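Below is one structure, written out as structure tokens; comments come after it.
The values are calculated or read from the model by the stated rules, or taken from the named source; none is laboratory data. Only a predicted model underlies this, so the values are computations on that prediction, with no experimental measurement involved. No Cβ is skipped: glycine too gets one built from the backbone with ideal geometry, and neighbour counts run over all protein chains shown. Ligands, DNA and RNA are stripped out before the accessible areas are found, and what is left, the full protein with its side chains, is counted by its heavy atoms. Shrake-Rupley method; radii C 1.70, N 1.55, O 1.52, S 1.80 Å.
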Amino acid sequence: MSRVITIDDIADIAAGAAVLGCGGGGDPYVGGLMTQQSLRAGQPVTLVPPADVPDDALVVVIAGIGAPPVLIEKIANGSESELALRHLEKHLGRRADYLMSAEVGGLNSLYPLQVAAKVGLPVIDADGMGRAFPKLEMTTFHIFGVPTTPLALVNERGDLVLMQTTSDQQAEHFVKHLAVGMGGIMSSAGFAQSGADVKRAAVHGTLSICQDIGRALRQAHEHQHDPFDALLGAMRATAYYRHAHLIFEGKVTDVERRITGRWSMGQARIEGPRGVLEVAVQNELLVARINGRTAAIVPDLLAVLDEDSAQAITAEQLRYGQRVRVLAASVPPIMRSEAALAVWGPQAFGIDEPFVPIEQLVAAG
């Protein structure tokens with residue numbers, strides 16, 4: 001059922017998206033402030049289930065592209081995504097009917113809501129990842145043959161690049177280099193598709209799941225309940241993330257990060273009663289190893305949570321001395337198919353080991 005998104009809903013969506021975003025997708029606090037401001041100044045936003053979208057509707061995906069840490073130092077001016085949308089519509093010769101998220105990440109889950117409030121369009125309750133990934137071709141859209149391009153890219157100065165490529169991998173190759181010249185972070189409009197495409201190629205219901213997770217965390221704090229119990233309960237109630245487990249707790253003792261092209265690369269070390277957990281990062285958290293043994297691996301979900309609040313800590317916010325717990329969870333079945341693993345399985349990130357589902361890793365101890 002369609003429903004109106006209110007200003008009060010945004011904090012819950014951002015908190016839930018930060019958990020599902022695997023440390024990536026941008027800063028949820030920044031995204032929440034930007035979206036709340038757009039809702040105050042703009043129009044009400046309707047969230048629509050994919051089943052209610054006409055098959056012939058034009059759907060445009062709105063996202064931020066680049067290295068998430070850049071956005072902490074250089075806040076967007078707020079008009080980039082709308083400009084990207086308008087340029088893409090001009091190129092297509094048609095106005096968009098709906099907007100949609102590329103991924104459920106702290107900021108990228110909210111970008112379409114922010115733009116929708118300005119332009120008066122509904123947003124579809126779906127995305128193309130069911131989590132966050134660092135590359136353009138790492139979407140369910142790509143798996144089902146929905147191309148990335150034409151893709152409009154706009155930076156905070158209003159510089160525009162309109163891209164048409166022969167493949168999604170070529171789009172990623174060009175964007176990787178463009179990101180440096182355009183200031184490290186860009187807003188984009190692309191993955192133009194029909195309502196029929198959304199029904200077959202998107203991960204359905206993810207914005208609502210984000211809100212459910214965020215609401216569970218908020219209510220746990222309001223009623224002085226255990227936020228970790230609330231978080232696990234909310235995730236295990238879903239069909240996608242039901243295999244959810246806390247796999248480690250301890251203190252962050254080392255963080256190494258660097259900006260490489262459009263990605264934030266690095267690793268973090270967490271020490272606790274069970275030994276040492278090391279996690280590898282490429283915008284998102286990719287693999288966790290406890291005492292050298294793989295405990296969770298991409299595409300399954302990994303999140304580092306504050307020990308007291310259970311709020312997710314993004315990869316760029318990890319700092320020495322933080323007391324944390326580490327969450328691992330399953331992802332939507334579509335993300336684990338053979339075709340999908342060829343695009344975003346461990347080998348796609350240079351990790352020379354097979355994907356093993358989190359439920360098997362937990363059962364193996």
(request) Would you list, by chain and number, the lysines whose Cα falls below 16 Å from the Cα of residue 176, excluding same-chain residues fewer than 8 positions away? (result) 135
(request) For the range 82-150, with all protein chains present and a 1.4 Å probe, just round the carbon and sulfur fraction of the accessible area to a whole percent. (result) 51
(message) Run the paramagnetic zone check for residue 92: 7 angstrom along Cα to Cβ, then residues of the range 103-127 with backbone nitrogen under 19 Å.
(response) 103, 109-127
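How much of the accessible area of the range 177-259, probe 1.4 Å, is carbon plus sulfur, in whole percent?
On the way: 1740 of 3510 Å².
Summing carbon and sulfur atoms, their accessible area is 50 percent of the total for the range 177-259.
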(message) Suppose each label sits 7 Å from its Cα in the direction of the beta carbon; what would the residue 353-residue 3 distance come out to in nanometres?
(response) 4.0
(message) I want to check the label-to-label distance for residue 337 and residue 164. Put each point 7 Å from Cα in the C-beta direction and report it in nm to one decimal.
(response) 2.9
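Taking only protein heavy atoms and a 1.4 Å probe, what accessible area per residue, in Å², does the chain have with all protein chains in place? Kindly include the intermediate steps, with their values, before the conclusion.
Numbers: 13770 Å² over 365 residues.
The answer is 38 Å² per residue.
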(message) Can you classify the range 1-138 as rounded, prolate or oblate using the Cα gyration tensor, where a ≥ b ≥ c are the square roots of its eigenvalues, rounded means a/c under 1.5, and otherwise it's prolate if a/b beats b/c and oblate if not?
(response) rounded
(request) Starting from the Cα of residue 118, draw a straight line to each of the aspartates and glutamates and keep only those under 18 Å, dropping any in the same chain fewer than 8 residues away. (result) 8, 9, 80, 82, 89, 97, 156
(request) Nearest 5 is fine: what % of DSSP beta bridges in the range 199-350 come out antiparallel, could you say? (result) 100
(request) Go ahead and run the numbers for FRET between residue 363 and residue 291, Cβ-Cβ distance against an R0 of 22 Å, rounding to 0.05. (result) 0.75
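Can you give me the relative contact order of the chain as a percent, contacts being Cα pairs under 8 Å and 6 or more apart?
Details: 900 pairs, mean separation 73.3, N = 365.
Computed value for the chain: 20 percent relative contact order.
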(request) Compute the separation of the alpha-carbon centres of the range 306-365 and the range 176-206 and state it in Å as a whole number. (result) 22
(message) Taking a ≥ b ≥ c as the square roots of the Cα gyration tensor eigenvalues, with a/c under 1.5 meaning rounded and otherwise prolate when a/b beats b/c, else oblate, which class fits the range 283-365?
(response) prolate
(request) Could you check the simple spin-label distance between residue 254 and residue 180, using points 7 Å along Cα→Cβ, in nm with one decimal? (result) 2.8
(request) Please report the relative contact order for the range 283-341, taking Cα pairs under 8 Å with a sequence separation of at least 6, and give it as a percent rounded to a whole number. (result) 31
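Looking at the chain only, what percent of DSSP beta bridges run antiparallel? Nearest 5 please. All intermediate terms of the calculation are to be shown ahead of the outcome.
Details: 62 of 69 bridges.
Given both bridge residues lie in the chain, the antiparallel proportion sits at roughly 90 percent.
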